[in-house]
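A short reminder: the numbers here are calculations on the coordinates, not readings from a lab. Source: prediction; values computed, not measured. Neighbour counts run over all protein chains shown; Cβ positions are idealised from the backbone, glycine included.
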Amino acid sequence: MFPVNCYVLADETKEAVVIDAGCFTEEEKQTLKSFIIGQQLNVKHLLCTHLHLDHIFGNSFMLKEFGLKAEANQADEFLLEHAAQQSRLFGFELEEKPAPVGRHICDGDIIEFGNTTLEAIHVPGHSPGSLVYYCKAEKCMFSGDVLFQGSIGRADLAGGNFDELHESICSRLFILPDETIVYPGHGAPTTIGTEKRENPFFR
């Protein structure tokens, strides 16, 4: 229904994290489950870049199947209360209430799995609690709906703020190395350097 990039990160230890379980249909849910089981992964964290509807569809499924509670910034929790209302705007009803957040992630928090660490970077503006997960060792980040190839996240939804989004991208993300790969919540990957040079929102 909503094409969302769901990321499964793992290293040689087979420990893993899932970022943005946006699986909506039963087929999508089973595809994610089959991948995790097929790769014999031990998923340690279910991370949310933010709590907009399309990024949390699979959270209840992940709780039931793997006992994983969603982890997100507290500033976005109010969005869960309005999920049913938001779904109606798109012409459908949620089958169940969104799973609650089990752990709050703050700016600068370190998420560990296996031999890998991610740093949470708070980049508000698309939503109040938008987080980017940065892996310095692998020179990459998972940006949710903050930064896209040639674009940025919309800021007209509840809690959004265009000026805050623009400023926080410049001050929090564009200070990272140009070669840093950006894996967004929608669409194709890009790099920090490419977006600094070519993104029309920063010219």
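So the values come out like this:
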quantity	calculated
Residue among Glu71, Glu77, Glu65, Glu28 that alone is more than 27 Å from Gly160 (Cβ to Cβ), surrounded by 15 or more Cβ atoms within 10 Å (Cβ to Cβ) and not hydrophobic (A, V, I, L, M, F, W, C)	Glu65
Residue among Gly144, Gly153 that alone is at positive phi and crowded, with 21+ Cβ neighbours inside 10 Å	Gly144
Matching residues, the range 1-57, being in contact (Cβ under 8 Å) with a residue 60 or more places away in the chain, touching a Ser or Thr at 6+ places or on another chain (Cβ under 9 Å) and not in a strand (DSSP E or B)	Met1, Asp11, Thr13, Asp20, Thr49, His50, Leu51, His52, His55
Condition check for Ser60: hydroxyl-bearing (Ser, Thr, Tyr), part of a helix (DSSP H, G or I) and over 25 Å from Asp109 (Cβ atoms)	no
Single unsatisfied condition, Ser171 versus (1) part of a helix (DSSP H, G or I); (2) in contact (Cβ under 8 Å) with a residue 24 or more places away in the chain; (3) surrounded by fewer than 21 Cβ atoms within 10 Å (Cβ to Cβ)	(2)
Odd one out for Ile110 among (1) touching a residue at least 24 places away in the same chain (Cβ under 8 Å); (2) surrounded by fewer than 13 Cβ atoms within 10 Å (Cβ to Cβ); (3) under 26 Å from Phe174 (Cα atoms)	(1)
Among (1) in contact with an Asp or Glu (Cβ under 8 Å, 6 or more places away or on another chain); (2) on the phi > 0 side of the Ramachandran plot - the single one Ile121 does not satisfy	(2)
Residues of the range 83-101 that turn out to be loosely packed, with under 15 Cβ neighbours inside 10 Å and under 24 Å from Val123 (Cβ atoms), as a count	1
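Residue-wise test of (1) touching a helix residue (DSSP H, G or I) at 6+ places or on another chain (Cβ under 9 Å); (2) basic (Lys, Arg); (3) more than 30 Å from Thr13 (Cβ to Cβ).
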residue: Val101; (1), (2), (3): yes, no, no
residue: Gly108; (1), (2), (3): no, no, no
residue: Ile111; (1), (2), (3): no, no, no
residue: Lys139; (1), (2), (3): no, yes, no
residue: Asp156; (1), (2), (3): yes, no, yes
residue: Gly159; (1), (2), (3): yes, no, yes
residue: Phe162; (1), (2), (3): no, no, yes
residue: Ile169; (1), (2), (3): yes, no, yes
